[in-house]
Amino acid sequence: MRAYPRSLARLIEELEKLPGVGPKTAQRLALHLLHASAEDAAALAEAIQDVKQSIRECPVCFNYTDADLCPVCSDPHRDEATLCVVGEARDLLAMERAGGLRGRYHVLGGLLSPMDGIGPESLRISELLARVREGKIREVVLATNPTVEGDATAMYLAAQLRPLGVRVTRIALGLPVGGDLDYADDVTIARALEGRTEM
Amino acid sequence: MHLSRLELREFRNYERLALELPAGVVAVHGPNGAGKTNLLEGICVAAAGDSPRSRTTDELVRHRSQYGFVRADFVTAERGTRVEIGLAESGRRQIKIDGVLRRRADLIGVAPIVLFSASDIELLRGEPSGRRRLLDRELSSIRGSYYYHVVRYRRAIEQRNKVLKDLRERRTTEAALAPWDSAASRHGARLMLDRSDFTAALAPEAERAHTVVTGGRRSLTLAYRPSVAIPTGQSAPADEKEAAGWVEQVTESLAAALKERRRVDMQLGTTTAGPHRDDIEVALDGQSVRAYASQGEQRSCAVALRMGLTAVVRAMTGEAPLLLLDDVLSELDERHRRGVFAACDAEQVMVTCCDQQDIPPDVLAGATVLAVEDGRVISDCDRPR
């Protein structure tokens with residue numbers, strides 16, 4: 001890095017901190033920015049600052065928002081009786097892209113994983129239980145990842161939610177849509193078989 | 001299935017080797033350190049992507065070389081498959097099946113092999129962990145869902161153990177254990193079902209092989225000994241519905257066992273019940289082989305166990321595996337050696353020995369004989385055809 005002027009070296013160092021960016025990519029991005037127009041560079045810097053200043057967590061569901069409430073929570077046409085629980089806000093965005101859910105969300109802010117120091121108290125579980133206790137919610141859909149941690153989190157939540165008298169469901173796991181059976185791996189098929197439905 | 005051609009380059013002590021091999025018995029003899037085991041190891045690397053005796057790639061590459069290479073042509077009744085494994089001293093390895101780059105998992109089922117080695121006796125003499133590893137390896141290679149549950153079960157136990165340690169240091173509450181108890185019981189019960197099934201299939205095959213190898217004076221029995229009780233009768237559930245009921249029942253017993261052991265587990269900071277504490281009991285006339293059998297009896301039991309595995313793999317995959325017998329004969333007396341060949345139910349058997357006289361004369365007469373010396377096959381004399 002000694003061959004670079006100090007300011008350029010600093011930019012490379014900062015870019016290297018980004019996920020998925022190694023030293024070579026960081027260098028390419030930095031040189032690209034160096035050759036970009038002053039407006040483009042300023043627009044990027046401003047966008048970064050703007051996102052840091054204006055984006056907060058929605059106080060109800062903990063989705064990203066730049067207003068008081070997130071777009072989902074402030075939408076009056078949403079079904080108040082159905083609540084979908086996800087691990088991270090990016091999972092919520094994926095569910096929204098799919099467009100299958102008419103209800104609202106709750107973002108836990110992670111999944112149970114004692115090995116990473118994440119216990120029930122580190123997640124927004126008390127907030128979830130408080131929302132359910134308000135009485136409008138009739139079904140809670142647990143949409144955590146199908147990993148050991150996601151399943152364990154769903155198990156934990158189900159045990160906490162059931163006494164509150166709501167219906168608790170877990171999203172189905174199985175074959176990818178449009179996939180051929182003979183191309184799916186054994187495990188996916190085995191799980192799809194376990195979760196088969198009546199016709 | 002049999003191996004029709006083997007090529008080794010810069011592999012262990014082989015600089016360059018190309019062998020055409022017929023089906024039937026292939027006898028590989030030569031002095032200690034000549035490279036007999038290395039030859040079989042090359043076949044294992046081609047069939048499984050890794051070596052049964054070394055974890056790192058650099059050991060496989062010939063001394064002072066940077067790259068090693070194994071090419072093997074396997075032939076089944078239906079088709080031939082060429083496997084090529086490139087090994088770099090740096091640790092990288094590349095797997096090609098019929099010329100196409102593949103992952104290691106793609107090798108599963110391509111070329112089933114069963115390796116017998118002198119260290120198999122440790123399976124009987126050693127700790128239960130060795131027997132569990134054997135079960136896990138065999139079941140993972142024939143059933144993808146088993147591997148899935150193994151990985152998840154281990155993860156759930158790791159997470160549970162962390163909570164136990166946190167509890168001991170009063171950093172969390174007992175409620176934090178529940179989801180991991182539940183995950184461990186669900187995945188654990190699936191493992192126990194497959195292990196119970198597999199042992200039930202293995203037991204009669206191993207007993208049959210033992211009778212052939214030893215002449216049948218004592219009776220060999222295998223029994224699955226789970227650390228948590230399973231429904232009695234031990235026979236595997238017959239249909240899907242029964243299996244589901246079985247799994248449900250065992251899931252509950254496992255969960256109950258975990259709950260019951262909670263105090264003890266908290267003190268120890270580790271999980272003391274579950275399939276990671278299972279064992280398979282091997283007995284002769286009802287007496288534990290581990291505790292009571294002589295060295296010679298243990299050896300023939302180990303051979304019978306492998307023979308039994310071969311039969312089970314054949315029944316489950318529909319293909320007779322290639323048998324590799326590494327230095328097993330020298331430890332057995334003549335009658336048992338005859339028994340081993342009588343019990344071999346394979347298209348091709350490769351057997352290594354220091355002295356070709358270890359092979360019964362009638363078997364040797366029909367065999368392809370390879371003499372190995374210093375990393376070279378110096379003759380394939382006595383070839384009968």
Would you please name the residue that is farthest from B:GLU138 (Cα to Cα), looking only at residues in the range B:170-227 that are in a helix (DSSP H, G or I), away from chain A (no Cβ under 13 Å) and of a type in the set (Ser, Thr, Tyr)?
B:THR214
Can you confirm whether B:GLU242 is in a helix (DSSP H, G or I), among the acidic types (Asp, Glu), in contact (Cβ under 8 Å) with a residue 24 or more places away in the chain and open to solvent by 50 Å² or more (accessible area, probe 1.4 Å)?
no
Scan the range A:189-199 for residues that are more than 9 Å from chain B (Cβ to nearest Cβ) and buried (at least 16 other Cβ atoms within 10 Å of the Cβ) and report the count.
1
In the range A:151-179, the residues that are assigned to a loop (DSSP other than H, G, I, E, B) and either within 14 Å of chain B (Cβ to nearest Cβ) or open to solvent by 40 Å² or more (accessible area, probe 1.4 Å) (or both)
A:GLY165, A:ILE171, A:ALA172, A:LEU173, A:GLY174, A:LEU175, A:PRO176, A:VAL177, A:GLY178, A:GLY179
Open to solvent by 50 Å² or more (accessible area, probe 1.4 Å), part of a helix (DSSP H, G or I), facing chain A (nearest Cβ under 9 Å) and among the basic types (Lys, Arg): is that true of B:ARG137 in this structure?
no
Out of curiosity, is B:ARG154 within 14 Å of chain A (Cβ to nearest Cβ), under 27 Å from the mean Cα position of the chain (by Cα), open to solvent by 20 Å² or more (accessible area, probe 1.4 Å) and in contact (Cβ under 8 Å) with a residue 40 or more places away in the chain?
yes
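Residues are listed down the side, and each one gets a yes or a no for (1) more than 9 Å from chain B (Cβ to nearest Cβ); (2) within 12 Å of A:VAL86 (Cα to Cα); (3) open to solvent by less than 50 Å² (accessible area, probe 1.4 Å):
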| position | (1), (2), (3) |
| --- | --- |
| A:MET115 | no, no, no |
| A:GLU121 | no, no, no |
| A:VAL132 | yes, no, yes |
| A:PRO146 | yes, yes, no |
| A:GLU149 | no, no, yes |
What's the total number of residues in the range B:65-86 that are in a strand (DSSP E or B) and without any contact (Cβ under 8 Å) to a residue 40 or more places away in the chain?
5
Over the range A:66-110, the set of residues in contact (Cβ under 8 Å) with a residue 24 or more places away in the chain, in a loop (DSSP other than H, G, I, E, B), open to solvent by 10 Å² or more (accessible area, probe 1.4 Å) and closer than 16 Å to A:ILE171 by Cα is A:LEU101, A:ARG102
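The values are calculated or read from the model by the stated rules, or taken from the named source; none is laboratory data. Keep in mind that what you see is a predicted model, and the values were worked out from it rather than measured. Positions of Cβ are backbone-derived with ideal geometry, glycine not excepted, and every protein chain shown enters the neighbour counts. These accessible areas exclude ligands, DNA and RNA; they are computed on the full protein's heavy atoms, side chains included. Shrake-Rupley method; radii C 1.70, N 1.55, O 1.52, S 1.80 Å.
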